[in-house]
Amino acid sequence: MRLLDFVQRLGSISLQILRALGHHATFFAELMKSLPSALRRFFLVVAQIHAIGNYSLVIIVASGMAVGFVLGLQGYYTLSRYGAAESLGLLVALSLVRELGPVVTALLYAGRAGTSLTAEIGLMKAGEQLAAMEMMAVDPKQRVLAPRFVGGIIVMPLLAAMFSAVGIFGGYIVGVLLIGIDAGQFWSQMQNGVHVFDDVGNGIVKSFVFGVACTFVALYQGYEAQATPEGVAQATTRTVVISSLAILLLDFVLTALMFSSL
Amino acid sequence: MSSDIFLDIDRVTFGYDERVILSDVSLQFQRGSVTAIMGGSGCGKTTLLRLIGGTVKPQHGRITLDGQPIDPDNRDALYGLRRRIGMLFQFGALFTDLTLFENVAFPLREHTKLPEAMIRDIVVMKLHAVGLRGAAELKPNEISGGMARRVALARTIALDPELIMYDEPFAGLDPISLGVAANLIRRLNDATGATSLIVSHDVHECFLICDYAYLISSGRVVAHGTPDQLRDSNEPEVRQFIRGEADGPVRFHYPAPPVEQDFGVPA
């Protein structure tokens, strides 16, 4: 009997996972179908770029600066052991542009903008605003979700670029202004060692993918949230957890793919 | 079917899994009339509105609006029909990030290509009709519940729908707001020639303004008629509901074993 129970549970869990995957896929397909209408009314997207992007700037700039400081210190500690302290600019830039910029920005985005999106959509659902839209023959996926989705995808690479730029400046403050590395070598090594397509391009591709993943998770969780205070709270938590795991997993997959093409 | 019947619910059955919510109900709504659907909480009134709006699909039976079937599986046709329907939600469901003006303008902006000046005029006209022209620039969180419902009503009638559905329009309103809301429903119906459908358990207010009423209990239509006919009814269930008696055909106690058994004392 125990074996039978085990098999039954296994089957039930497998079915649940399959059903969830199918639901996500259907939702994603419907969102994709709604994109042209969002692009036609681009002013709605612009409003979301402002709401998602502008309000995330403070946390992105502050975190970018802090990460730049730490990279400057840790990088100098490691490089000076090998007499290569003047390569600090290159190390800071490559670390930020290829890896830390997109990943940390995405994690911060999930915590700042993702939760806000989930809570907003979830509360709209709880307040029957989405149902009211439906009854007005206005598709909430087209009117509410699609502009936020496009806005999120556009915003993420911009925020990552901002993060990296501020981080490099933080590295410069620590390396050049505080430690005393030669400013010319700091910048020239960076200029010679950072490649636009291989390094910056990879970072942009990662940011784009993270933008799609994080915004989709946030919107899906909000739209499918139970229309109660507890339901919205749980959905918000799920957004952070799922987005963070997705970012780290996708980062590994993308990095592996990018390395294989080297 | 007579052409005077604008909305026809024909032998509709609906439920979730094993739980039957509406069982073989038939209701007809005369064009241009105000009809009330009354019944206790959880009797299936709001489900009826969801069925008419095409949010859910009946398991059996059919619903037609002006002769056209409401089919949730045919999205384009459904959205076409929904443009002829306005629905006032119980708590207004105003968009909290928009001003009252923008809320009323929302359906106009979504469904028409009217110039901004004309949209402004229509919105001001609708807000004036519900007495809130002066509050146009306020946000929903700056007004009372009764005012929110009036703004929602202005938004509902923005596109001059042919069918207006009201979900519990009197719930939670103070006496003044309640009288205002009831008066507005009747006046708007008469002025626009729309067909109105009120879902409520407020017998007094409904009977004041409706032309016809259905009483639903346990997912079935137990009585229907004009307010006077229902008031004079000898049906125990109708009398209990209209007089607000705690016990009767609709039991006060939820089904339970004998109370002596629960307390462990001999019967």
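What follows is calculated from the coordinates using simple rules that are stated; it is not laboratory data. Keep in mind it's a predicted model, so treat the numbers as computed, not measured. As a convention, Cβ positions derive from the backbone with ideal geometry for all residues, glycine included, and neighbour counts pool all protein chains shown.
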Study note, to complete from the structure: Helix A:115-126 sits off the longest principal axis of the Cα atoms of chain A, rounded to the nearest 10 on a 0 to 90 degree scale, by 10
Check your understanding: Hey, fewest Cβ within 10 Å first, where do B:91, A:186 land in order?
Key -> B:91, A:186
Study note, to complete from the structure: Helix-only [θ] at 222 nm, chain A, -39500 (n - 2.57) per DSSP H run of 4+, per residue, nearest 500, equals -25500 deg cm²/dmol
Review point. Picking from B:195, B:96, B:13, which is most flexible by a Gaussian network model of chain B using Cα springs under 10 Å?
Key: B:96
Practice item. Would you mind checking the tilt of helix B:100-111 against the longest principal axis of the Cα atoms of chain B, expressed as 0 to 90 degrees and rounded to 10? Key: 80
Review point. What is the fewest-to-most order of B:262, B:167, B:190 by other Cβ atoms lying within 10 Å of their Cβ?
Key: B:262, B:190, B:167
Exercise for review: Please identify, among A:83, A:122, A:170, the residue showing maximal mean-square fluctuation in a Gaussian network model of chain A using a 10 angstrom Cα cutoff.
Suggested key: A:83
Revision key, fill the gap. The size of the Cβ-based charge dipole (Lys, Arg +1; Asp, Glu -1) of chain A about the Cα centre, to the nearest 20 debye, is 440
Revision key, fill the gap. In order over the range B:124-136: 3J(HN,Hα) from phi, Karplus 6.51/-1.76/1.60, θ = phi - 60°, whole Hz, x for each Gly or Pro, gives 4, 4, 5, 5, 5, 4, 9, x, 10, 4, x, 9, 3
Review point. Which of the listed residues, A:14, B:223, B:23, is farthest toward the dipole's positive end in the protein assembly as shown, when Lys, Arg count +1 and Asp, Glu count -1 at the beta-carbon?
Key: A:14
Check your understanding: Can you give the mean number of other chain Cβ atoms that lie within 10 Å of the Cβ atoms in peptide A:126-133?
Key -> 6
**Study point:** Which listed pairs, of B:57/B:126; B:57/B:113; A:141/B:113; A:125/B:57; A:33/A:206; A:141/B:126, have C-alpha distances above 25 Å, in listed order
**Key:** B:57/B:126; B:57/B:113; A:141/B:126
**Study point:** GNM result for chain A, Cα springs below 10 Å: residue of A:136, A:32, A:124 fluctuating most strongly
**Key:** A:136
Review point. What's the average, rounded to a whole number, of partner chain beta-carbon atoms within 10 Å of each residue's beta-carbon in B:150-157?
Key: 1
Study note, to complete from the structure: Simple spin-label estimate for residue A:24/residue A:253, 7 Å along Cα→Cβ, in nm, reads 0.9
Exercise for review: Return the FRET efficiency for the residue pair residue B:76, residue A:62: r is the Cβ-Cβ distance, R0 is 41 Å, and the value is rounded to the nearest 0.05.
Suggested key: 0.25
Check your understanding: What ranking do B:220, B:149 get, fewest neighbouring Cβ atoms within 10 angstrom at the top?
Key -> B:220, B:149
Check your understanding: Which whole number gives the average count of other chain Cβ atoms within 10 Å of the Cβ atoms across peptide A:193-202?
Key -> 0
Point to revise | Whole-number D in µm²/s for the range B:100-160 (Stokes-Einstein; Kirkwood sum over Cα pairs; 25 °C, 0.890 mPa s) | key: 218
Exercise for review: Quote the FRET efficiency, to the nearest 0.05, computed for residue A:33 versus residue B:265 with a Förster distance R0 of 56 Å and r equal to the Cβ-Cβ distance.
Suggested key: 0.30
Check your understanding: Under 5 Å between amide H atoms, partner at least 5 residues away or on a different chain: which partners does residue B:21 have, H built in plane at 1.01 Å?
Key -> B:14, B:15, B:16
Point to revise | Value of [θ]222 nm, deg cm²/dmol, for chain B, DSSP H segments ≥ 4, -39500 (n - 2.57) each, nearest 500 | key: -10500 deg cm²/dmol
Point to revise | Helix B:175-192 axis, angle to chain B major axis (alpha carbon atoms, nearest 10°) | key: 60
Review point. Which three extents, in whole angstrom, do the alpha-carbon atoms of chain A cover along their principal axes, largest first?
Key: 65, 57, 34
Check your understanding: Could you state the principal axis extents of the C-alpha atoms in the range A:1-128, from the largest down, to the nearest angstrom?
Key -> 66, 54, 26
Exercise for review: May I ask you to order B:69-77, B:230-238 by the average number of other C-beta atoms within 10 Å around their residues, highest value first?
Suggested key: B:230-238, B:69-77
Study note, to complete from the structure: Between the alpha carbon centres of the range B:24-103 and the range A:164-204 the gap in Å comes to 61
